[in-house]
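Trainee: Mind looking over this structure? Questions follow.
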Amino acid sequence: MRDPLKVAPQPAQPHQNLLIHCSCPSFRPHTHGQAVLQGPVPLENPPHARSRENPHASHQFLLPPARRILILAVIPCAACLAYWPLRLAWADQLSRATDVETVARAVRLSPGDADFRLKLAAAQQSAGADPTAALQAAAALDPGNADAWTRLGVAAEMRGDLRTAESRLLQAAHASRQFAPRWALANYYFRRGDRAHFWPWATESLLMGYGDLHPIFRLCWNMSQDAGLILERAIPARREVLDAYVWFLMQEGRLAASEPAATRLAALATIEDRSILVPWCNRLIDAGAVPPTLEVWNTLCARHVLPYAPVDPDRAPLTDGGFAVASVGGGFAWRLAPAPGVTLGRNRSPLYLWVAFSGDQPETCTPLIQFVPVTPGARYSLRFEYHTSDLPPASGLRWSVFDARTGLDLATASPWLSNPEWKPAELHFTAPAAGLVRLTLTCQRLPGATRIQGSVGLRQLALERRP
């Protein structure tokens with residue numbers, strides 16, 4: 001049996017405060033002779049135990065001598081590698097300034113950079129200083145830098161040293177196949193009045209040029225007013241250049257000079273050039289220049305740039321009398337000119353063109369127009385089929401043929417269009433001396449009547465020369 005007077009040993013409490021009395025004279029506890037330990041006190045391993053567990057623990061932060069030497073050698077190299085990019089970046093930042101001193105600091109930081117020398121030359125020139133030294137240094141650092149040679153040429157020309165100027169500009173053109181050196185040479189020879197050398201470099205400029213070419217064309221016309229000479233000596237057989245040149249001549253009002261250029265363009269044209277050549281045809285038709293317009297138009301049709309058959313004034317002067325394709329809106333094609341209250345459209349099956357009138361149209365309108373080249377003095381018949389819907393017998397709607405130059409009505413008899421079923425009809429006229437007529441579908445409000453409300457369908461138009 002358990003002795004009730006014997007006390008069993010109690011386990012140590014993990015968080016019990018232990019009071020340790022120390023009689024060692026060398027021990028000076030911080031609590032006035034008492035050291036208080038919180039919780040269990042871990043026991044350190046003896047030195048021999050530590051050495052058995054991790055014999056290298058005391059030397060784990062020491063590096064071998066070779067590695068220390070390598071690190072000490074890499075640190076300066078890394079510093080140098082970081083220094084030069086920072087130096088060049090700072091030089092680039094300084095070179096963006098406009099004053100000479102700041103840009104000169106950029107040159108001193110990066111003396112082998114030709115672009116910085118060019119920027120220094122620009123700053124010197126703006127300040128009224130001589131940029132020659134900076135430009136020569138740039139050319140020496142980068143002999144293929146056409147900008148440096150070009151500036152040297154211009155600077156020499158400003159000093160009056162024409163021989164050096166020409167030599168430097170030619171060196172620029174040799175160094176680069178780009179536009180700028182050739183344009184600089186064309187301007188140089190223009191200023192010198194040297195036509196023999198001007199034209200080749202004007203052509204070179206146009207061959208390499210892009211964007212707005214009008215300044216080159218204008219320089220050519222300032223050199224000579226001979227349109228044929230300019231076309232032969234300066235304008236290359238390049239579609240983009242011819243396209244821009246025709247547009248330039250139209251803007252300048254030089255329609256006669258544009259005719260041979262447009263003829264050349266038509267022989268090379270693509271669908272992209274319709275945006276220039278169709279308005280060009282409109283301008284020449286308005287001016288009454290039928291033969292050159294007809295030549296360009298037929299070339300475009302024969303090459304399928306335009307979706308029509310070529311026009312023959314004697315046999316087939318009318319374009320797309322069956323309304324088979326969408327109109328390009330100019331030239332010798334149909335021009336759809338809907339007015340307020342007038343709507344046009346094509347019915348695909350069966351194929352015909354319809355025009356609808358809401359009653360709100362103007363008292364007189366011409367929703368459909370075509371300029372037709374004809375043989376002067378010849379007699380023609382216009383044949384067509386039509387049907388109407390909701391139009392009175394005196395509809396005020398009919399085909400009219402006018403002299404394109406004088407506006408005289410040439411049709412001998414033109415019936416009002418009004419019939420609910422498809423009906424053939426025709427009218428006759430004699431071609432005027434100008435060789436161009438304007439065929440129009442005309443709608444007018446007749447006296448005492450209201451504006452018509454309804455529609456008309458048109459198909460199978462044909463214009464034939466009568467014997």
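The values are calculated or read from the model by the stated rules, or taken from the named source; none is laboratory data. These numbers were taken from a predicted model, which means no experiment stands behind them. Every residue, glycine among them, receives a Cβ derived from its backbone with ideal geometry; neighbour counts consider all protein chains shown.
Trainee: When segment 331-365 is examined, which residues are found to be of a type outside the set (S, T, N, Q), part of a loop (DSSP other than H, G, I, E, B) and surrounded by 12 or more Cβ atoms within 10 Å (Cβ to Cβ)? Spell out how you get there, then give the answer.
Mentor: At the first step, the residues of segment 331-365 found to be of a type outside the set (S, T, N, Q) are 331-342, 344-346, 348, 350-357, 359-360, 362-363, 365.
From what is left, the residues that are part of a loop (DSSP other than H, G, I, E, B) are 331-334, 337-341, 350, 359-360, 362-363.
Residues satisfying the conditions are GLY331, PHE332, ALA333, TRP334, ALA337, PRO338, ALA339, GLY341, PRO362.
Trainee: Restricting to segment 123-153, count the residues that are surrounded by fewer than 17 Cβ atoms within 10 Å (Cβ to Cβ) and under 33 Å from the mean Cα position of the chain (by Cα).
Mentor: 3
Trainee: Here is a follow-up. Find all pairs meeting these conditions: Cβ atoms under 7 angstrom apart; at least six residues apart or on different chains; first residue within segment 257-272 and within 15 Å of ARG233 (Cα to Cα); second residue among the hydrophobic types (A, V, I, L, M, F, W, C) and assigned to a helix (DSSP H, G or I).
Mentor: ALA257/ALA227; ALA257/LEU249; PRO260/LEU231; ALA261/LEU231; ALA261/LEU242; ALA261/VAL246; ALA261/LEU249; ARG264/LEU242
Trainee: Same structure again: Can you find even one residue in segment 386-402 that is surrounded by fewer than 17 Cβ atoms within 10 Å (Cβ to Cβ) and of a type in the set (Lys, Arg)?
Mentor: Residues of segment 386-402 that are surrounded by fewer than 17 Cβ atoms within 10 Å (Cβ to Cβ), as a first pass: 389-390, 392-394.
If we keep only those that are of a type in the set (Lys, Arg) too, we end up with none.
So far as segment 386-402 goes, no, none of its residues is surrounded by fewer than 17 Cβ atoms within 10 Å (Cβ to Cβ) and of a type in the set (Lys, Arg).
Trainee: Regarding segment 271-285, can at least one residue be identified that is modelled with pLDDT of 95 or more and either assigned by TED's automatic domain parsing to the domain that holds THR406 or outside any helix (DSSP H, G or I) (or both)? Quick ask: steps written out before the conclusion?
Mentor: Going through segment 271-285, the residues modelled with pLDDT of 95 or more turn out to be 271-285.
Within this subset, residues satisfying the condition of being either assigned by TED's automatic domain parsing to the domain that holds THR406 or outside any helix (DSSP H, G or I) (or both) are none.
Checked segment 271-285: no residue is modelled with pLDDT of 95 or more and either assigned by TED's automatic domain parsing to the domain that holds THR406 or outside any helix (DSSP H, G or I) (or both).
Trainee: Looking at THR450, is it in contact with a strand residue (DSSP E or B) (Cβ under 8 Å, 6 or more places away or on another chain) and in a loop (DSSP other than H, G, I, E, B)?
Mentor: Numbers: in contact with a strand residue (DSSP E or B) (Cβ under 8 Å, 6 or more places away or on another chain): no; in a loop (DSSP other than H, G, I, E, B): yes.
Considered against the rule, which asks whether it is in contact with a strand residue (DSSP E or B) (Cβ under 8 Å, 6 or more places away or on another chain) and in a loop (DSSP other than H, G, I, E, B), THR450 comes out as no.
Trainee: Here are some residues: LEU162, LEU207, LEU185. Which one is within 28 Å of VAL278 (Cβ to Cβ) and either in contact (Cβ under 8 Å) with a residue 24 or more places away in the chain or outside the structural domain of ALA122 (by TED's automatic domain parsing) (or both)?
Mentor: Working: LEU162 fails: within 28 Å of VAL278 (Cβ to Cβ); LEU185 fails: within 28 Å of VAL278 (Cβ to Cβ).
Residue meeting the stated conditions: LEU207.
Trainee: To continue, here is another question. Any residue that is within 28 Å of LEU463 (Cα to Cα), in a helix (DSSP H, G or I) and of a type in the set (S, T, N, Q) - is there at least one of those in segment 241-253? Walk me through how you get there before you give the answer.
Mentor: Taking segment 241-253 as the starting set, the residues that turn out to be within 28 Å of LEU463 (Cα to Cα) are none.
Scanning segment 241-253, I find no residue that is within 28 Å of LEU463 (Cα to Cα), in a helix (DSSP H, G or I) and of a type in the set (S, T, N, Q), so the answer is no.
Trainee: Look through segment 294-315, keep the residues that are surrounded by 16 or more Cβ atoms within 10 Å (Cβ to Cβ) and in contact with a strand residue (DSSP E or B) (Cβ under 8 Å, 6 or more places away or on another chain), and return whichever of them is nearest to ASP403 (Cα to Cα).
Mentor: PRO313
Trainee: Go through (1) in a strand (DSSP E or B); (2) in contact with a Ser or Thr (Cβ under 7 Å, 6 or more places away or on another chain); (3) of a type outside the set (Phe, Trp, Tyr); (4) surrounded by fewer than 19 Cβ atoms within 10 Å (Cβ to Cβ) and name the single condition LEU441 misses.
Mentor: (4)
Trainee: Hey, any hits in segment 81-104 for a residue that's within 21 Å of ALA180 (Cα to Cα) and either assigned to a loop (DSSP other than H, G, I, E, B) or at pLDDT 75 or above (or both)?
Mentor: Initial filter on segment 81-104 (within 21 Å of ALA180 (Cα to Cα)): none.
So far as segment 81-104 goes, no, none of its residues is within 21 Å of ALA180 (Cα to Cα) and either assigned to a loop (DSSP other than H, G, I, E, B) or at pLDDT 75 or above (or both).
Trainee: Assess whether VAL305 counts as being in a loop (DSSP other than H, G, I, E, B), free of Cβ contacts under 8 Å to residues at least 40 places away in the same chain, farther than 27 Å from PHE384 by Cβ and not assigned by TED's automatic domain parsing to the domain that holds LEU368. Show your work before the answer.
Mentor: On the way: in a loop (DSSP other than H, G, I, E, B): yes; free of Cβ contacts under 8 Å to residues at least 40 places away in the same chain: yes; farther than 27 Å from PHE384 by Cβ: yes; not assigned by TED's automatic domain parsing to the domain that holds LEU368: yes.
Taking the combined requirement at face value, the residue satisfies it.
Trainee: Got a sec? Which helices (runs of 4 or more DSSP H) wholly within segment 141-236 have at least 2 residues that are closer than 30 Å to GLY128 by Cβ?
Mentor: Details: elements: 146-159, 162-175, 179-192, 195-208, 214-223, 227-233.
Filter on segment 141-236 gives 146-159, 162-175, 179-192, 214-223.
Trainee: Let me ask something else about it. When you check ALA404 against the structure, is it of a type in the set (Gly, Ala, Ser), in contact with a strand residue (DSSP E or B) (Cβ under 9 Å, 6 or more places away or on another chain), at negative phi and modelled with pLDDT of 95 or more, yes or no? Spell out how you get there, then give the answer.
Mentor: Working: of a type in the set (Gly, Ala, Ser): yes; in contact with a strand residue (DSSP E or B) (Cβ under 9 Å, 6 or more places away or on another chain): yes; at negative phi: yes; modelled with pLDDT of 95 or more: yes.
For ALA404, the condition - of a type in the set (Gly, Ala, Ser), in contact with a strand residue (DSSP E or B) (Cβ under 9 Å, 6 or more places away or on another chain), at negative phi and modelled with pLDDT of 95 or more - is met.
Trainee: Taking segment 213-268, which residues are under 23 Å from ASP286 (Cβ atoms), over 23 Å from the mean Cα position of the chain (by Cα) and among the β-branched types (Val, Ile, Thr)?
Mentor: Passing the criteria: only THR263.
Trainee: State the number of residues belonging to segment 168-179 that are more than 12 Å from ALA139 (Cβ to Cβ) and surrounded by 15 or more Cβ atoms within 10 Å (Cβ to Cβ). Even if it seems obvious, please write down each step before you answer.
Mentor: Keep residues of segment 168-179 that are more than 12 Å from ALA139 (Cβ to Cβ), which gives 169-170, 173-174, 176-179.
Then drop every residue that is not surrounded by 15 or more Cβ atoms within 10 Å (Cβ to Cβ), which leaves 169-170, 173, 176, 179.
Counting residues in segment 168-179 that are more than 12 Å from ALA139 (Cβ to Cβ) and surrounded by 15 or more Cβ atoms within 10 Å (Cβ to Cβ) gives 5.
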